[in-house]
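S.K.: Below you'll find the structure I mean.
The values are calculated or read from the model by the stated rules, or taken from the named source; none is laboratory data. Computed from a predicted model, the values in this text were never measured in an experiment. So basically every Cβ, Gly included, is an ideal-geometry build from the backbone, and we count neighbours across all protein chains shown.
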Amino acid sequence: MLPASNAYDFPLLIKHLLTNASRAHARQEIVSHPNTRLSYETFERRVHQLAHSLNNCGIEDAMRVGVMDWDSNRYLECFFAVPMMGATLFTINVRLSPAQLLYTINHGAPDLIIVHRDFMPLIDEIKSGFERDITIIPIGDGDGYEAWIGKAADRFDFPDFEEARTATLFYTTGTTGNPKGVSYSHRQLVLHTLGLLVGFGVWPGDAGFHRGDVYMPLTPLFHVHGWGFPYAATMLGVKQVYSGRYDPDSLLRLIADEGVTFSHCVPTILSMLLERPSAAHIDLNRWKVIIGGAALPRGLQDRAAEAGICLHAAYGMSETCPFLTVADLSSDDPQIQAQTGFAGPLIDLRVVTPDMEDVPHDGEAIGEVVARAPWLTQAYLDNAQASDALWSGGYLHTGDVGYMREDGSVQITDRLKDVIKTGGEWVSSLALENIASSCNGIEDVAAIGMPHEKWGERPVLLAQAAKGANLEDLRTSVLRAVQSQVDAGALSKWAMPDLLLFVDQLPKTSVGKLDKKQMREDVLKYSDIKS
Ligand code: AMP
C-alpha cells in the first residue's frame, strides 16, 4: 500500500514530546532553585526564545551547542531547544579534571558553549588549548541568560528533519583512558522516553512514575541527559523541580517544600543526604527514589527504610541511554527492591558466555550482560575500535557480570573488571560490599582485588567509618559478618578479605561512583600485600 501523497510521515523528533505539554498541563510548574517558577506554557515560549537567541549567534542545523550549567530550567530549555533546531546538545561534564574537560571539548568540537558563572574560571583555565573557535555565552548566575533570551521572538519555526539525526552528545565518565563520546538520535530519545514511561509507569498503585508525581532529578543533567527522565517528566507534564548546585541541606528542603515524590540518583548522593542532621526533621514518607549507576547497598537500603523512603534499583549505563532494567516497583520486600530487575519494553537482554551462548536462567550461572534495544548508542564518536568492541557479536556488551533468574529478572554481580579473581574463583565485590555495608558504623565501603603472586588477586576492603566508631571493633564485626556468610556457604572461602583498611574518604568518580582504579593505586602505595 502506498501512503497518500499528502500523508504526514511523523518522524520521531524531540519537538513532538512537547506537542501537548503546555495545553494539557496548564496548572503544573517547572521550579528552578532558588527563584524561578514557570508554567509549561512559559517554559515552551522560552524554548522558542532560546532557539532564536542561538540562531542569532550563528547556530544552525548540525552545529553543536555545549552547556556548562547547574541543573536548572535553563538546562531543561537547552534539552529541547538545541536538538529541536536540528543542532546537537553537548552536555559537558563540569566535574572532570581540567585536562579531561579540555580533551572532551576538543573532541566534541562545540561551536558555542553556554557557561554559568561558576564554570567560567574553568573555561579561562583551558581556553588557550581550544583547537577551534568557540563562541562562549557567559550567563552569570542565570541573569545573563535572562537578558540573552528575554528579548527574542517567541515563535521559532522548528523544522522537520530525519529522525536519525543526532540530538545529544556527552562523554563517558570511565576511569580508564580518555572519556568516550556517546550520542543519541531524536528517534532513540523519543523511544527511550516512551520506554521509560512504560517501564517505570506500569506498576499498580502509587508505585511507579505517574502524573501525580513531583519530579526532581538527583543525577546531574550532564550525565546521560539526567537518565532521560527530564524528557519523560516534561512529556508527562508533571511538576518538576531543578535544584541548582547540589547542596545537601537545600536538596532536603526542596523535597519538603515542593512535595517531591520521585527522584533518581547514585547511592552516594542518597547516602550524603541521609547523613545530614536535617534529614531527621523532614518527612520523606512520600519520596520514591530509584537507585542506579551502581548496586544498591543493603546498608543504605536499611537507612532509607528507616527514613520512610521507598527505594528501588534500576540498571543501565551511559551507552544505553540509560534504561535497561528496573526492579519490581510494586514490591516492598527489600530483597526484591534491590534486584537489578526486569528488562524494560523492547529490550532484548541476555546473559552470555564469552562465545555468546546464553547461560541457564537458574539464578546462579554467571555471564556477561549484553543487550539490544532501540536506544543503544550505535558507536562512540570517532572511535571505531572501541565501537566494534562494544558491539561485538551484534549485541551491546555492558561489561557487567550477572545472572538471570527463571522469572527473567537479572542480577548484576559485578563489573567484569572489578570481579576479584582469586584462587581460581570469582568473588563478587558487590557481595562483599553488601555484607560490610550492613554492619553498624560503616558509612561507605568498597571491595577491590589486589594483585597476589600466589592467588592471582586477593580481596581487600576499604571503608569509611561513622564518626566516633571504634575501628578495631568495627573491623572485627565486618570480618565476622563475612566469615559467617562463608560458613553458611553463601560465599566461597576465597572471599574472606586479607585486609580491611579505614580511610577518611573513598575516592569517587566525577559522577560520585566508587573509583576502584584509584583505590588499587592507593592501596599499592599504602601497603605491600603482594606476599
Ligand atoms: P555509567 O555509564 O557511568 O552510567 O555506568 C554504568 C555502570 O554502572 C554499569 O555498567 C554498571 O556497572 C553500573 N550499574 C548501573 N546500575 C547498576 C545496578 N543497578 N547494579 C549494579 N551496577 C550498576
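S.K.: Tally time: how many residues in region 420-452 are more than 15 Å from the ligand (Cβ to nearest atom) and polar (S, T, N, Q)?
M.R.: 3
S.K.: Please specify each residue of region 275-323 satisfying the condition of being among the β-branched types (Val, Ile, Thr), out of contact with any Phe, Trp or Tyr (no Cβ under 6 Å at 6 or more places or on another chain) and surrounded by 19 or more Cβ atoms within 10 Å (Cβ to Cβ).
M.R.: Of everything in region 275-323, those that are among the β-branched types (Val, Ile, Thr), out of contact with any Phe, Trp or Tyr (no Cβ under 6 Å at 6 or more places or on another chain) and surrounded by 19 or more Cβ atoms within 10 Å (Cβ to Cβ) turn out to be Val289, Ile290, Ile291, Thr320.
S.K.: Now, a different point. Specify which of the listed residues (Ala26, Ala51) is farther than 23 Å from Asp124 by Cα, assigned to a loop (DSSP other than H, G, I, E, B) and touching a residue at least 12 places away in the same chain (Cβ under 8 Å).
M.R.: The conditions single out Ala26.
S.K.: In region 107-118, is there at least one residue being among the small types (Gly, Ala, Ser) and assigned to a helix (DSSP H, G or I)?
M.R.: Yes, some residue in region 107-118 is among the small types (Gly, Ala, Ser) and assigned to a helix (DSSP H, G or I).
S.K.: For region 288-347, which positions are under 14 Å from Leu274 (Cβ atoms), of a type in the set (D, E, K, R) and in contact with a His (Cβ under 9 Å, 6 or more places away or on another chain)?
M.R.: none
S.K.: On to the next question. If I ask for residues that are assigned to a loop (DSSP other than H, G, I, E, B), touching an Asp or Glu at 6+ places or on another chain (Cβ under 8 Å), surrounded by fewer than 24 Cβ atoms within 10 Å (Cβ to Cβ) and free of Cβ contacts under 8 Å to residues at least 60 places away in the same chain, which ones from region 192-224 would you list?
M.R.: Passing the criteria: only Gly212.
S.K.: Answer with yes or no whether Ala152 is among the hydrophobic types (A, V, I, L, M, F, W, C) and either over 25 Å from Ala373 (Cα atoms) or assigned to a helix (DSSP H, G or I) (or both).
M.R.: Yes, satisfied.
S.K.: Quick test for you: out of Val326, Val351, Val369, pick the one residue that is crowded, with 21+ Cβ neighbours inside 10 Å, assigned by TED's automatic domain parsing to the domain that holds Gly108, farther than 18 Å from Gly199 by Cα and within 11 Å of the ligand (Cβ to nearest atom).
M.R.: Val369 is the lone residue from the list that is crowded, with 21+ Cβ neighbours inside 10 Å, assigned by TED's automatic domain parsing to the domain that holds Gly108, farther than 18 Å from Gly199 by Cα and within 11 Å of the ligand (Cβ to nearest atom).
S.K.: If you don't mind, there's one more thing I want to ask. May I ask you to list the residues in region 331-348 that are crowded, with 17+ Cβ neighbours inside 10 Å and of a type in the set (Ser, Thr, Tyr)?
M.R.: Within region 331-348, just Thr340 meets the criteria.
S.K.: If you check Val94, Val65, which single one turns out to be touching a Cys at 6+ places or on another chain (Cβ under 8 Å) and assigned by TED's automatic domain parsing to the domain that holds Pro230?
M.R.: Just one listed residue meets the conditions, Val65.
S.K.: List every residue pair whose Cβ atoms sit under 7 Å apart, with the two residues 6 or more apart in sequence or on different chains, where the first one lies in region 138-155 and is surrounded by 12 or more Cβ atoms within 10 Å (Cβ to Cβ) and the second, anywhere, is of a type outside the set (A, V, I, L, M, F, W, C) and assigned to a loop (DSSP other than H, G, I, E, B).
M.R.: Taking only residues 6 or more apart or on different chains, the pairs are Ile139/His116; Gly142/Ser72.
S.K.: Run Phe262 past the list (1) in contact with a Phe, Trp or Tyr (Cβ under 7 Å, 6 or more places away or on another chain); (2) of a type in the set (Phe, Trp, Tyr); (3) within 16 Å of the ligand (Cβ to nearest atom) and report the number of the one that doesn't hold.
M.R.: Condition (3) is where Phe262 drops out.
S.K.: Return the only residue of Ala164, Ala109 being in contact with a strand residue (DSSP E or B) (Cβ under 8 Å, 6 or more places away or on another chain) and without any contact (Cβ under 8 Å) to a residue 24 or more places away in the chain.
M.R.: One residue alone meets the criteria, Ala164.
S.K.: How many of the residues making up region 474-513 are touching a Ser or Thr at 6+ places or on another chain (Cβ under 8 Å) and either outside the structural domain of Leu461 (by TED's automatic domain parsing) or within 16 Å of the ligand (Cβ to nearest atom) (or both)?
M.R.: Matching residues across region 474-513 total 6.
S.K.: Can you tell me how many residues within region 382-419 are within 15 Å of the ligand (Cβ to nearest atom), part of a helix (DSSP H, G or I) and either under 17 Å from Ala294 (Cα atoms) or over 22 Å from the mean Cα position of the chain (by Cα) (or both)?
M.R.: Here the count works out to 1.
S.K.: Taking region 265-288 only, how many residues are in contact with a helix residue (DSSP H, G or I) (Cβ under 6 Å, 6 or more places away or on another chain) and within 16 Å of the ligand (Cβ to nearest atom)?
M.R.: 2
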